[in-house]
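Below is one structure, written out as structure tokens; comments come after it.
Here, each number is a calculation from the coordinates, and none is a lab measurement. As the structure is a prediction and not an experimental result, all values here were calculated from the model. Neighbour counts are summed over all protein chains in view; Cβ atoms, including those assigned to glycine, are modelled from backbone coordinates with ideal geometry.
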Amino acid sequence: MNNNFQESFARLKAIIQEGRYSSLSDVSMEIPDNFNWVRDVFEPLIVPVHADQPMLELVSEDMPQPVTFTYREEMDRCNQLLNFLRAKGVQQGDRVFIMCGLHEELWISYLAAIKGGFVLIPAASILSADDIIYRFEKASPKVIIADRDNVAKMDQALLSYKSSSVVKLLLDGEQNGWISLSVINGEKKEANTADTQKNDDLFWFFTSGTTGMPKVVVHTHATYPIGHLTTAAWIGLRQGDKHYNISQPGWAKFAWSCVFAPLNFGTTVFIYKQKGRFDAAKQLRIIQDYQITTLCAPPTALRLLVQENLGDYQFSLRECVSAGEPLNAEIIKVWKEGIGIELRDGYGQTESTCMICNLPGSKVKFGSMGKPAFMYDIIIADEGGRELPVYETGQIAVRMDTGRFNGVFKSYIGDPEKENEVFRHGLYYTGDKAYKDKDGYFWFVGRDDDVIKSSDYRIGPFEIESVLLEVDEIVESAVVGSSHPIKGQEVKAFIVLAAGSIVSRGLADTIFAYCKGRLAPYKVPRLIEFVPELPKTISGKIRRVELRTAEEQRKAARETG
Ligand code: ATP
Ligand code: MG
């Protein structure tokens, strides 16, 4: 192994743990061509140091006691699983499809896949059989791993998938046609590492599908595990932390913050398996009772958590971060008033690791995503690849031609057209619009497709949604462009009210008046519609595209009818 790499990794880790973030750019890190994160980082640098510490602590509503596994135990079980899969004929490069809920055996599947050089395809347990068929067709897996809750859907999808030699592994219990994970107990606790290259495929991730059908994103042995040092820096992980990330397996955010950021640091990953719908009060009690030190949650969960009386709890929290969607200033304000900690936003995509963030201890400008993370050279670009001046809105883009390592993905499976669209002019275009202020802070405006074009103005929905959230009766909203014969589009807000608030003309007038006082006239919503809930992706992101389409269909029906 290249000692220089391991030294650089150790230096970066020490800098992050000591919070000396300004020194991060002093360390140059070259990842050797021949690279496997489990062999080169996890086994030599993490497991020996944290061998007897819990890697996982899982609390479930249907279990009387928390389940814990140490780093050593997880490494042993990773090797046993790998030996078993190899004995079944699974080889380097084969694809492993995994779909389960928050199951304690998930982590060994990730580790075994990396060590064995398999390509891992994580899927969310909420997917339907049709979603699974779509994924099987794209991915042709050789191994399928599931938990009991998902076997029926998997079996149904397998009827349409013609491969005969699939290894079907069940994480819990027994089921006809499935091999129970307990078979690995007899395997050896040592295993060889596959001879992987740093640019080999490691993950095929499906994006959230907020704007259309999910894309299949390829990450490599380098881009993902090492790229997530930016995620660890953003969270601000320290020795002895217990990290809780509110997320479900299958999405990139889970791999970011439940796997790679903490496992690069020997942190304990805390998991809470709650039955039924998200219950904000229960979540807060768990965060208090299990003495969580670092918390990561998406805005969709935070908007519910801040409805509770935060001052009623005694938390052990040191760092709180949010990612996945834009974080409204109002949430940061209420969180800070209730808990005394600033919620720090971090921006990234399935296609990347954490790219822009507010680091611990830095000045947070409420409503800004922060500054570029240390591995990323990020500009606001126009369509011709030129950097735009401060305060001008353009696409967030990553410079890819500097020779510097970062965590940007390698390719989209089966979509060269999309690839050519995003990799242009030596840049990776994220498809998100933002501007930068004079202090270097980035301000999210909206997804490219969500930006409203009204008269000569370009209007981002995020700013308007953030103002709407300041109205007490409003829990969340989605702002979209509704077609208009003269202006092109006019601003329309779909609004969800808090429990107990009643829809009325008077309330609509109050909201309108509030917006007039807080927003430039062209940004004030001209149309308001109260709705019981907003359309969201299965990972909880607002699908404005769905609202736009429904709006236009309704208008067309009115015109023809
Ligand atoms: P699809 O690409 O399939 O339409 P998606 O873009 O929602 O789905 P993800 O990769 O899960 O899939 O999400 C990344 C996107 O989420 C970003 O491009 C951005 O639009 C949004 N996002 C993530 N974090 C933030 C943040 N902190 N602030 C604003 N937007 C964010
Ligand atoms: Mg996307």
Taking only the alpha-carbon positions of region 96-198 as identical scatterers, the Debye log10 I(q)/I(0) at q = 0.10 Å⁻¹ comes out as -0.27
What list of ³J(HN,Hα) couplings, whole Hz, do you get for region 446-460 from phi and the Karplus terms 6.51, -1.76, 1.60, once you set θ to phi - 60° and write x for glycine and proline? x, 5, 3, 6, 8, 5, 8, 10, 10, 6, 9, 8, 10, 10, x
In whole percents, the bins of 5 Å from zero upward hold the Cα-Cα pairs of region 46-104 as 4, 15, 17, 18, 20, 16, 8, 2
Once you have the Kirkwood Rh of region 1-137 from its Cα pairs, apply Stokes-Einstein at 4 °C and 1.567 mPa s and quote D in µm²/s. 74
Using a Förster distance of 25 angstrom, determine the FRET efficiency expected from the C-beta separation of Lys189 and Val67, and round it to 0.05. 0.80
Rounded to the nearest whole Å³, what is the per residue volume of the convex hull around the Cα atoms of region 167-261? 194
Placed amide H near Glu476: partners under 5 Å, 5+ positions off or other chain: Val496
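Over the alpha-carbon set of region 304-346, divide Rg by the Kirkwood Rh and report the Rg/Rh ratio to two decimals.
0.94
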Of all alpha-carbon pairs in region 439-494, indicate the percentage at a distance above 16 angstrom. 47
Treating only the Cβ atoms of Lys and Arg (+1) and Asp and Glu (-1) as charged, compute the dipole magnitude of the chain about its Cα centre; round to the nearest 20 debye. 480
Based on the Kirkwood radius over alpha-carbon pairs, what is the Stokes-Einstein translational diffusion coefficient of region 16-74 at 4 °C with 1.567 mPa s viscosity, in µm²/s? 89
Enclosed volume per residue, in Å³, of the convex hull spanned by Cα atoms of the chain: 165
For Lys13, Lys115, Lys188, ascending order of other Cβ atoms within 10 Å (fewest first) is Lys188, Lys13, Lys115
Pairs Lys189/Lys541; Lys142/Lys433; Lys253/Lys363: which are spaced more than 29 Å apart, C-alpha to C-alpha? Lys189/Lys541; Lys142/Lys433
Quick query: amide H of Cys100 versus all other amide H atoms, modeled in the peptide plane; which residues come in under 5 Å with a sequence gap of 5 or more or a different chain? Ala123, Ser125
About the Cα centre of region 440-487, what is the dipole size in debye to 20, counting +1 per Lys and Arg Cβ and -1 per Asp and Glu Cβ, all else neutral? 340
Short version: ³J(HN,Hα) in whole Hz for each residue of region 338-355, in order, from phi by Karplus 6.51 cos²θ - 1.76 cosθ + 1.60 (θ = phi - 60°), x for Gly and Pro, what are they? x, 10, x, 10, 7, 6, 10, 7, x, 10, x, 9, 4, 6, 8, 9, 5, 9
Normalised by the empirical 2.2 N^0.38 Å for globular proteins, what value does the Cα Rg of region 420-524 take? 1.25
10 Å-binned pair-distance histogram of region 77-153 (Cα, whole percent): 19, 53, 27, 1
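Give me Rg over Rh for region 475-552, both radii from the alpha carbons and Rh done the Kirkwood way, two decimal places.
Using Cα coordinates only, the ratio equals 0.97.
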Which ³J(HN,Hα) values, rounded to whole Hz and listed in residue order, are derived for region 546-555 from phi using the Karplus coefficients 6.51, -1.76 and 1.60 in 6.51 cos²θ - 1.76 cosθ + 1.60 with θ = phi - 60°, glycine and proline given as x? 5, 5, 4, 5, 4, 4, 5, 5, 4, 5
Which of the pairs Lys333/Lys438; Lys138/Lys282; Lys198/Lys275; Lys162/Lys555 have their Cα atoms more than 32 Å apart in this structure? Lys138/Lys282; Lys198/Lys275; Lys162/Lys555
For Ile292, enumerate residues with amide H under 5 Å from its amide H, sequence gap 5+ or separate chain, H modeled in the peptide plane. Ser316
